[in-house]
Amino acid sequence: VYVCVCHYVYMCVCVCVLQSWDIFFRNANFGAPPGAAYQSPPPLVAPAPGFVDDQLMGGAQPNLEKLVEDHLAVQSLIRAYQVRGHHIAKLDPLNISVAGIDPGPPPSDIITTNDKLAFYGLDESDLGKVFRLPTTTFIGGSESALSLHQIIHRLEMAYCQSIGVEFMFINDLEQCQWIRQKFESPGVMQFTFEEKRTLLARMVRSTRFEEFLQRKWSSEKRFGLEGCESLIPALKTIIDKSSMNGVDSIIMGMPHRGRLNVLANVIRKELDQIFCQFDSKLEAADEGSGDVKYHLGMWHRRINRVTDRNITLSLMANPSHLEAVDPVVQGKTKAEQFYCGDTEGKRVMSILLHGDAAFAGQGVVYETFHLSNLPSYTTHGTIHVVVNNQIGFTTDPRMARSSSYPTDVAKVVNAPIFHVNADDPEAVMYVCNVAAEWRATFHKDVVVDLVCYRRNGHNEMDEPMFTQPLMYKQIKQQKGVLQKYADRLIEEGVVSRQEYEEDIANYDKICEEAHARSKDEKILHIKHWLDSPWPGFFNLDGQPKTMSSPSTGLPEEELRHIGNIASSVPLEDFTIHGGLSRILKGRAAMVDQRVCDWALGEYMAFGSLLKEGTHIRLSGQDVERGTFSHRHHVLHDQNVDKRTCIPMNHIAPNQAPYTVCNSSLSEYGVLGFELGFAMASPNALVLWEAQFGDFHNTAQCIIDQFISPGQTKWVRQNGIVLLLPHGMEGMGPEHSSARPERFLQMCNDDPDTFPEFAVRQLYDCNWIIVSCSTPANYFHVLRRQILQPFRKPLIVLTPKSLLRHPEAKSSYDDMLPGTHFQRVIPDSGPVSEKPEEVKRIVFCTGKVYYELTRERRNRGMDYTVAITRIEQLSPFPFDQVKVETDRYPNADLVWCQEEHKNQGFYDYVKPRLRTTVNSTRPVWYAGRGPAAAPATGNKAAHLVELKRFLDTALNLDAFTGPS
């Protein structure tokens, strides 16, 4: 930089300089420090002494202005290659376009032929001149000066062959210099004969596996890897190098293309278990529906033969929502790092595979990248491998993205991008080695872009010639990469033709033998494909160790101790906000009164689980304080910047850690991350809270594809908790409803069947949905989530106005030993004295209970109308609801909700209520009418609607005839 600035000043200020300044600039340009570069002016007739070697200048004194211009031109030339050389690299195996940009001439600032030298003020006569190399390049190796011809040649070899490097946008000099050294140093891409033979063997396995599947099951979809067979040695190279660097666990996520090959040749799943999946007569023995073979995952611990170290490989199951698995992998990686104390990511790492169209088009890719450097979400570097087919399903890249490359999204986190021609296996191997070293050195993300092609269509049944005729004409003529590489190694004398053919024959024999064994498989065991096992949590047969549900209550002294922590500041000389002081005093008063509100009930649940050794992680937008300023789990010193206190981590000396973290403004990415975190261990309570319940809309893919059907598809239990603020408060359509109808619609319990018993119901359901109306019940359901002998996702419709409602408080008596979560809370008021005289029983859930009781009290109907709260919606508490309907034999049945009729709970609850009473009594509806939006945006209209449905619910003459 110093030399460049000096040159700039030199050219702009004065063309005619003293000879002493000429010496200074020339000496500085050739590496002399400023003090040594200056010399006293010599006699006008004497030659300029110093560091300049006349031989570098051709033995004669050059024109000074030309000298400076030429050196600046050479530096600009070098920088041009570093910045844009990738645009003319030979990246496309098909040679039909310039990979990454529209076809056409290369940019004018790239030197490709001598006639372009004029752009820099150079010409062919300068090619033989020798130039001192700047410190920002390593093309000279041990040489400090090269001729212009050599400079151009070495830059071409470094940046314009099978590898194209994008890195000059990185704003860290050390990182840029590291990359330059890896790609510019002469002779870096050299491999031993043994390394080449290993690479060939891996190419044989990758290629022949696909050819074997094609021969045996030509009419089956398998989403094969043909056209990118080098992916397998690429992944194995990354794993080998990472193992050398100390990594012993790798979590991987990928779309369906090439998954079976990765399972077979990277994860090393038994081939017979893969082949038997193609048998259409295979019967499913395990619970659930299973999934197609190219969506399944696998977990395997094995010896890495290159390093002789144990390594655990986990490939996560993934649906056809291609990039949905990205944050899930990151969350599981973070969890494994957390549980093994790997604070720098040196032992556990993640690899994500992507398709080019999905990488550019799916927003969750961007969301996941933005988690990469956040303290509570970083996994300390992910290696991204893009299988760049140069086409989507049938969509040309020019119609699928606006950026030059599909990988441009990675630039937002300064991740270097290594483009490589996938038909050059050695270039692929080198790039993957560098990527693994980058991750080990800097613990930051890196992208390997494998520019390849798809020999078949989107799947083996598809006809790509419909839409890409010219491309696929070229593909049909394309020689396979294995054949090309084998011919090259045979010509080099690395292997003989006979050795190569024996390798092929040996692997073909392995496949044939596995195929023969696969025919003996009559039953499909999905558990063989489990990607996140929980050793010791279940019995050997995979069943829970017990079907009992223990009490979730606590001794009063423990409740009081946790309450005292919640109402204090454990650190000395810590100044909190005055408003927060009042909140803590209010909590202390509740402890004295033996009651708790919603925030304190949550504190009791969390604190007790932490004391019992259960790690808790709460994540989401603004969860540290709480969106509604009720939680305050992280206290901030008002006088010292960034000084915080988490009282929850001061519950007990040997407690588990409490992680509470505000997330980025993401739902899809963050919920996926927390889901992955919860997969790693059953002994942690992992919660994600939406800022408002309906914000989960943008995370719907994770809910629909992973959380709701996860166990059914992949035999993978998960105990993640979703906290979704819900309630019609007159705040408009986007801040009211958590859309409970969506969750209830996906429940797998049968509305027409009265179940066996409560715990079995919980075990058989796909998830649990609750709408608690008391802090005590919220306390119990959180503790039950960990104390029950299995794991199910828990959806909690949390309140807003009830956070401070004077009646929404619970006594310690409801939280003492022997107490449980109440699936149904019966009416314990005056109606219980003479139940036979009760004329109506109103079933409801959540906040509307308090509005109903207030209205009932105002109307003096405490003896004629019973109000029963259903706290657990799914699985539906048939048994306890039947007790309530039997208790009031002369009462008509009403379901009341504040949500619109086509939303909320009604469609789910009504058939189950009818089953409970054997359809002998009608079930009436009281609530808002059907509507397209979740709520009105007008406060006055909201109050009118509220009054109207409360009138309906409590008007004993409102319903006649059949329901």
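The values are calculated or read from the model by the stated rules, or taken from the named source; none is laboratory data. No experiment lies behind these values; they were computed from the predicted model shown. Glycine also receives a Cβ, built like all others from the backbone with ideal geometry; neighbour counts cover every protein chain displayed.
The table for this structure:
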{"item": "Hits in the range 676-703 (condition: part of a helix (DSSP H, G or I), within 21 Å of residue 605 (Cβ to Cβ) and either acidic (Asp, Glu) or modelled with pLDDT of 95 or more (or both))", "result": "677, 678"}
{"item": "Whichever residue in the range 524-538 is in a loop (DSSP other than H, G, I, E, B) and surrounded by 11 or more Cβ atoms within 10 Å (Cβ to Cβ) and, among such residues, is modelled with the lowest pLDDT", "result": "525"}
{"item": "Conditions (1) under 12 Å from the mean Cα position of the chain (by Cα); (2) surrounded by fewer than 21 Cβ atoms within 10 Å (Cβ to Cβ); number of the one not met by residue 668", "result": "(2)"}
{"item": "The range 572-622, subset among the β-branched types (Val, Ile, Thr) and out of contact with any strand residue (DSSP E or B) (no Cβ under 8 Å at 6 or more places or on another chain), residue nearest to residue 774 (Cα to Cα)", "result": "591"}
{"item": "Residue selected from the range 922-963 under the condition among the aliphatic types (A, V, I, L, M) and surrounded by 16 or more Cβ atoms within 10 Å (Cβ to Cβ), by the criterion nearest to the chain's Cα centre (by Cα)", "result": "935"}
{"item": "Search result, residues across the range 727-756 that are among the polar types (S, T, N, Q) and closer than 18 Å to residue 773 by Cβ", "result": "736, 737"}
{"item": "Candidate set: the range 862-872, residues that are outside any strand (DSSP E or B) and crowded, with 17+ Cβ neighbours inside 10 Å; chosen: the one modelled with the lowest pLDDT", "result": "864"}
{"item": "Members of the range 341-351 that are more than 18 Å from residue 446 (Cβ to Cβ) and touching a residue at least 12 places away in the same chain (Cβ under 8 Å)", "result": "347"}
{"item": "Number of positions in the range 412-439 that are of a type in the set (Val, Ile, Thr) and within 16 Å of residue 232 (Cβ to Cβ)", "result": "3"}
{"item": "Residue match in the range 594-609 (condition: outside any strand (DSSP E or B), more than 19 Å from residue 644 (Cα to Cα), touching a Cys at 6+ places or on another chain (Cβ under 9 Å) and among the aliphatic types (A, V, I, L, M))", "result": "yes"}
{"item": "Residue list for the range 717-755, restricted to those being farther than 23 Å from residue 692 by Cβ and β-branched (Val, Ile, Thr)", "result": "753"}
{"item": "Any chance residue 413 is β-branched (Val, Ile, Thr), in contact with a Phe, Trp or Tyr (Cβ under 6 Å, 6 or more places away or on another chain) and assigned by TED's automatic domain parsing to the domain that holds residue 232", "result": "yes"}
{"item": "In the range 705-716, residue surrounded by the most Cβ atoms within 10 Å (Cβ to Cβ) [restricted to those that are at pLDDT 90 or above and in contact with a helix residue (DSSP H, G or I) (Cβ under 9 Å, 6 or more places away or on another chain)]", "result": "706"}
{"item": "Selection count where residues are within 12 Å of residue 549 (Cα to Cα) and β-branched (Val, Ile, Thr), scope the range 753-772", "result": "1"}
{"item": "Residue pairs meeting the criteria (Cβ under 7 Å; at least 6 apart or on separate chains; first touching a residue at least 12 places away in the same chain (Cβ under 8 Å), in the range 384-407; second buried (at least 24 other Cβ atoms within 10 Å of the Cβ) and of a type in the set (Lys, Arg))", "result": "387/257; 389/454; 391/454"}
{"item": "Of residues in the range 825-838 being among the acidic types (Asp, Glu) and assigned to a loop (DSSP other than H, G, I, E, B), the one surrounded by the most Cβ atoms within 10 Å (Cβ to Cβ)", "result": "827"}
{"item": "Any hit, the range 602-618, residues being closer than 20 Å to residue 702 by Cβ and in the same structural domain as residue 796 (by TED's automatic domain parsing)", "result": "yes"}
{"item": "Flag if residue 548 is without any contact (Cβ under 8 Å) to a residue 12 or more places away in the chain, surrounded by fewer than 19 Cβ atoms within 10 Å (Cβ to Cβ) and over 22 Å from residue 807 (Cβ atoms)", "result": "no"}
{"item": "Residue match in the range 727-741 (condition: part of a helix (DSSP H, G or I) and either at pLDDT 95 or above or surrounded by fewer than 17 Cβ atoms within 10 Å (Cβ to Cβ) (or both))", "result": "yes"}
{"item": "Test result for residue 457, over 15 Å from residue 207 (Cα atoms), buried (at least 18 other Cβ atoms within 10 Å of the Cβ) and either under 34 Å from the mean Cα position of the chain (by Cα) or in the same structural domain as residue 225 (by TED's automatic domain parsing) (or both)", "result": "yes"}
{"item": "Scan of the range 642-667 for residues that are in a strand (DSSP E or B) and either in contact (Cβ under 8 Å) with a residue 60 or more places away in the chain or out of contact with any strand residue (DSSP E or B) (no Cβ under 7 Å at 6 or more places or on another chain) (or both), ordered by number", "result": "645, 659, 661, 662"}
{"item": "Any hit, the range 839-860, residues being farther than 25 Å from residue 932 by Cα, in a strand (DSSP E or B) and in contact with an Asp or Glu (Cβ under 6 Å, 6 or more places away or on another chain)", "result": "yes"}
{"item": "Index of the failed condition, residue 136 passing every other in (1) surrounded by 15 or more Cβ atoms within 10 Å (Cβ to Cβ); (2) assigned to a helix (DSSP H, G or I)", "result": "(2)"}
{"item": "Residue 508 vs. criteria surrounded by 11 or more Cβ atoms within 10 Å (Cβ to Cβ), outside any loop (DSSP other than H, G, I, E, B) and not assigned by TED's automatic domain parsing to the domain that holds residue 600", "result": "yes"}
{"item": "Condition check for residue 703: within 30 Å of residue 543 (Cβ to Cβ), touching a Pro at 6+ places or on another chain (Cβ under 7 Å) and not assigned by TED's automatic domain parsing to the domain that holds residue 326", "result": "no"}
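To keep it simple, each residue is scored yes or no on (1) of a type in the set (Gly, Ala, Ser); (2) farther than 27 Å from residue 654 by Cβ.
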| site | (1), (2) |
| --- | --- |
| 556 | no, no |
| 578 | yes, yes |
| 592 | no, yes |
| 610 | no, no |
| 625 | no, yes |
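Conditions (1) modelled with pLDDT under 75; (2) buried (at least 17 other Cβ atoms within 10 Å of the Cβ), marked per residue:
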residue: 267; (1), (2): no, yes
residue: 280; (1), (2): yes, no
residue: 286; (1), (2): yes, no
residue: 291; (1), (2): no, yes
residue: 295; (1), (2): no, yes
residue: 298; (1), (2): no, yes
residue: 302; (1), (2): no, no
residue: 306; (1), (2): no, no
